[in-house]
1. I'm trying to understand the selection: among the residues of the stretch 71-88, which are within 29 Å of the chain's Cα centre (by Cα) and either hydroxyl-bearing (Ser, Thr, Tyr) or buried (at least 18 other Cβ atoms within 10 Å of the Cβ) (or both)?
2. Between residues in the stretch 95-111 that are part of a helix (DSSP H, G or I) and residues that are of a type in the set (D, E, K, R), which pairs lie under 6 Å by C-beta distance while being six or more apart or on different chains?
3. Considering only the stretch 1-93, give the helices (runs of 4 or more DSSP H) lying wholly within it that have at least 1 residues that are over 30 Å from ARG287 (Cβ atoms), of a type in the set (Phe, Trp, Tyr) and modelled with pLDDT under 90.
4. Show me the helices (runs of 4 or more DSSP H) entirely contained within the stretch 217-266 in which 2 or more residues are within 29 Å of ASN281 (Cα to Cα) and of a type outside the set (D, E, K, R).
5. Only one of ALA108, ALA144 is in the same structural domain as VAL210 (by TED's automatic domain parsing), modelled with pLDDT of 90 or more and under 21 Å from the mean Cα position of the chain (by Cα); which?
6. When you look at LEU311, is it touching a Ser or Thr at 6+ places or on another chain (Cβ under 8 Å), under 30 Å from PHE190 (Cβ atoms), assigned by TED's automatic domain parsing to the domain that holds PHE97 and touching a residue at least 40 places away in the same chain (Cβ under 8 Å), yes or no?
Amino acid sequence: MDGSIYAGTLARYLLTSGMVALLCLGVYGLLKLLHAREETAAGYALITPWLAGFLVFTAGPILASLGLSFTSYDLFTAPKWVGLENYRWLFTDILDFWPSVKLTLAYAFLSVPLGVVGSLLVALLLSIDVRGIGTYRTVYYLPAVLPEVSVALLWRWIFNSEAGLLNVVCRPLFRLLGLGKPDWFGDPRFVLPAFVIMSIWGIFGINMVVFLAAIKNVPKVLYEAAEIDGAGPLAKFWSVTFPQISPVVLLQVIMGIIGALQIFTVAMFARPTSAAGRFMNQLVYERGFLQLKMGEASAIAWALFIIILGLTLLVFRSSSAWVYYEAEVRK
């Protein structure tokens, strides 16, 4: 095979690497000129590639989207300033935006507690030392390495209204409830329950491993002291295990909220009926890349950011009542 087809890629790679190296050396030299300590200059020089990438590929687009949210922009003509018009549309649109907010928040409020509690219960089971526990832990971790797109397509087949596994297995129960064959993604009544059921998949994988690590890190001496005091399994969990892992629970709740509110890939490949509303990230994609209304898409994205920030701050505010830190001194 002609190696020349790789020459351009290799040249660009070497050029980029050289520019990054020169940037690091420049930062190091500048800090030394400013009489910074050797360790400080070397530290900032080493994190310069990450800082540059963050500023160019993350902070820059974030600030650009904020500016675009005050404009009318279709990707082909220059942005036109419209002030708060895009945000006014958010508060007056009752066909797209508010159903999207309702669906996204409902999904988050149902799926996050289910995911956190489920992950914790699975981790408690896998923390028991029994024969073959390593195999069980490996099996339960496998969902973390499966592609999200493949999982979404698999769930779509499972929820198929005619030949889906769920409808076939649960047919007697559905008949008893008078549901017939639920059209999970075609009937607005079943779209949210379908996505909540799919979220159960998230109790395995990374979240379970994080909880398992926290549980295994609880000092055994605390359990021994509780047993001496006559505590049973449930009392040991509430008095020892949960307080010790409560910072991890806080982390999982916050990350769960952020992940649930940003659901996108599964929703796009499951293709639920639009009559049930769209998740907010779906609406951002449709407005921005299908309808070419980048200003409105940016406004929706910032509205989603504000919702995530508000819920995160509420969780942090409540954490003082249920999160325990060993080094903390409460008055």
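1. Hits for the stretch 71-88 are THR71, TYR73, ASN86, TYR87.
2. Taking only residues 6 or more apart or on different chains, the pairs are SER100/ARG278.
3. Correct list: 7-33.
4. In the stretch 217-266, the matching helices (runs of 4 or more DSSP H) lie at 242-261.
5. On the way: ALA144 fails: modelled with pLDDT of 90 or more.
Result: ALA108 is the single residue among ALA108, ALA144 that is in the same structural domain as VAL210 (by TED's automatic domain parsing), modelled with pLDDT of 90 or more and under 21 Å from the mean Cα position of the chain (by Cα).
6. no
Quick grid of which residues meet (1) touching an Asp or Glu at 6+ places or on another chain (Cβ under 9 Å); (2) in contact (Cβ under 8 Å) with a residue 12 or more places away in the chain:
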| residue | (1), (2) |
| --- | --- |
| SER69 | yes, yes |
| SER72 | yes, yes |
| VAL122 | no, yes |
| GLY132 | no, no |
| VAL139 | no, no |
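The values are calculated or read from the model by the stated rules, or taken from the named source; none is laboratory data. All of these numbers come straight from a predicted model, not from anything done at the bench. Quick reminder, even Gly has a Cβ in these numbers, built from the backbone with ideal geometry, and neighbours come from all protein chains shown.
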